[in-house]
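> Would you mind keeping the following structure in view while I ask a few things?
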């Protein structure tokens, strides 16, 4: 057994490891990040040219619909 205090360590290395989040969570995160990046491809959304929150939200909805329709076309 290693004496961590004598080695100058405060915690055992096993306590410093990050918990395993699982593959499914990372896969979902990747999907969300890709969707956000596709949204940002539109210049108006990335720079937020719209003056009102309602028109910005409408732009987000329009861009999401375009992405969805294109994904249906490529799925064939």
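> Rule-of-thumb check for segment 21-74: C-alpha Rg over 2.2 N^0.38 Å?
1.33
> Sticking with this one: Contour minus end-to-end for residue 69 and residue 38, with contour as 0.36 nm per residue of separation and end-to-end as the Cα-Cα distance?
9.8 nm
Each reported figure results from applying straightforward, stated rules to the coordinates on display, with no laboratory input. Note that this is a predicted model, so its numbers are computed, not measured.
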